[in-house]
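Asker: Below you will find the structure I want to go over with you.
Laboratory data are not the source of any read-out in this text; all were calculated from the coordinates shown. Please read all numbers here as calculations on a predicted model, not as lab measurements. Positions of Cβ are backbone-derived with ideal geometry, glycine not excepted, and every protein chain shown enters the neighbour counts.
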Amino acid sequence: TGDRKSASSSSVAAAARAVLASPRVRAAAHRLDASEHRARAVAAPPDPSIALSLGVPLDGMGGSPISLSIMEGIAWIFTADALEESAERERPPAARGLAAAPAEAAAEARQLARALVAARDARDAARLALDARAALSRAEQAAFELGESTTTRVASRARAELEARAECERTGRRAEALGMSLASLIGCATAPVVTEGAAPSLAGISGDSLEVVRARARVARAESAFALASGLGGDSRAGAAVGRDLEDREALSFTIELSLPVFRRSHELAALRAEADAERAELDEAIRATAVANAQALADARAAQEAAALSAQSAATAARVQEIVARSQTEGEASLVALLEAESDAADARIAASERSIEFAQAIARLESRAIHTGIQETRR
């Protein structure tokens, strides 16, 4: 959207805004651009070098010795195919990274939006609980003054009120912190007003995780470095020169420079090959760890979903009890104290349900951030 004002949105709208504002998405796009430019660079010959030299005779003889040389690297002729293949291998991981970054930002935004809705509900319920416990504390104090209560019960009610006040402050701070985090993520100046979006689903996980995407990119770069050093050598050059000697005679000469792989080359290539092998091993480890993490994320999300559902049922039951007690109190069949206790219990159950909702939102975010769908096929060695 581009503005920095407070906005009202669902978790889906928050996700869209987060993708537009995310520096991670811009970074992934730049990395894809870099891989495209590297592919074009290795497909072209290296830039030539030009050297112009002037000589000053030291023996006083005449003449103006001048030499003009043009040198061109020729190692790319022997490594062009390998370089282009390696550069092409960098593109799919970069494209997957560009697909992964929005998925990660969107998952974080949806999690914060869902958590913010639940946190604000918990804050409101905590305020109701505080009001009910404060009223209970006042009623107990009044009963004590009439000789119908004890100091122990008065102290117990006062302690419950203090705990409710602390809970009210805690839930308020958490709602404020979540609002600030979401505002920063989606590019708003203040905490947005979010509404409950569509219920999250526990869809299966497919595609690579961000860790695997990055590991594939490192493998591609290691293969590219090995290909660059292979063949005739990266510093082999050929060139031509036009020169004039001290007697003003001009000459045309050709030069070829080859590096002989006698001392260092074998060790350098072995080191680069080992680096590439290490990156492939790291990729295998990332794939293994991702499979375990995906299964755990799905199991955690299902457990959190069940806990949230049970907690919501408990809150609904407490709310119905409160309604029954309220009707009974209106009809004179229940005391005000019983009504206040029912209100307090209903508020506590609502806070607990909000806590489970936040945990479910966090579990869903972990699941969503791992589910990257790109449709890009990669070849692996």
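Asker: Counting other Cβ atoms within 10 Å, keep those with at most 12, restrict to DSSP loop, and tell me which GluC sites (Glu not before Pro) in segment 104-164 are left.
Answerer: Glu148
Asker: Take Ala241 and Ala225, extend 7 Å from each Cα along the Cα→Cβ direction, and tell me the distance between the two endpoints in nm.
Answerer: With each label placed 7 Å out from Cα toward Cβ, I get 3.5 nm.
Asker: Between Ser49 and Arg327, what is the label-point separation in nm under the 7 Å Cα-to-beta-carbon projection?
Answerer: 9.3
Asker: Go through 174-186, 278-290 and give me the packing order, highest mean Cβ count within 10 Å leading.
Answerer: Going from most to least packed, we get 174-186, 278-290.
Asker: I'd like the FRET efficiency for Leu336 and Thr150, computed as 1/(1 + (r/R0)^6) with the beta carbon distance as r and R0 of 22 Å, rounded to 0.05.
Answerer: Rounded to the nearest 0.05, the efficiency is 0.70.
Asker: Follow-up question, since we're still on this one. Rounded to the nearest 0.05, what FRET efficiency do Arg165 and Thr317 give with R0 = 35 Å and r taken as the Cβ-Cβ distance? Could you check?
Answerer: According to the calculation, E is roughly 0.85.
Asker: Which GluC sites (Glu not before Pro) in segment 331-372 pass both tests, a DSSP loop state and at most 12 other beta-carbon atoms within 10 Å?
Answerer: Sparse-neighbourhood loop GluC sites (Glu not before Pro): Glu331, Glu333.
Asker: Give, rounded to the nearest 20 debye, the magnitude of the charge dipole that segment 248-362 has about its Cα centre when Lys and Arg contribute +1 at Cβ and Asp and Glu contribute -1 at Cβ.
Answerer: I would put it at about 320 debye.
Asker: Further, regarding this structure: Which residues' amide hydrogens lie under 5 Å from the amide hydrogen of Glu257, considering only partners 5 or more residues apart or on another chain, with H built in the peptide plane?
Answerer: For Glu257, whose amide H was placed from the backbone, the distant partners under 5 Å are Arg237, Ala238.
Asker: Moving on. So for segment 257-350, averaging the separation of alpha carbon pairs under 8 Å that are six or more residues apart and normalising by length, what relative contact order in percent results?
Answerer: Computed value for segment 257-350: 23 percent relative contact order.
Asker: Treat every Asp and Glu Cβ in segment 310-366 as -1 and every Lys and Arg Cβ as +1, leave all other atoms uncharged, and give the resulting dipole magnitude about the Cα centre to the nearest 20 debye.
Answerer: 320
Asker: Ordered by packing density, taken as the mean number of other Cβ atoms within 10 Å over each peptide's residues, highest first, how do 33-41, 301-309 rank?
Answerer: So the peptides 33-41, 301-309, ranked by packing, come out 301-309, 33-41.
Asker: What does the charge count around Gln111 come to, taking other residues whose C-beta lies under 9 Å from its C-beta (Lys +1, Arg +1, Asp -1, Glu -1)?
Answerer: For residues surrounding Gln111, the net value is +1.
Asker: First select every other residue whose beta carbon is under 15 angstrom from the beta carbon of His267; then total the charges, Lys and Arg +1, Asp and Glu -1.
Answerer: +1
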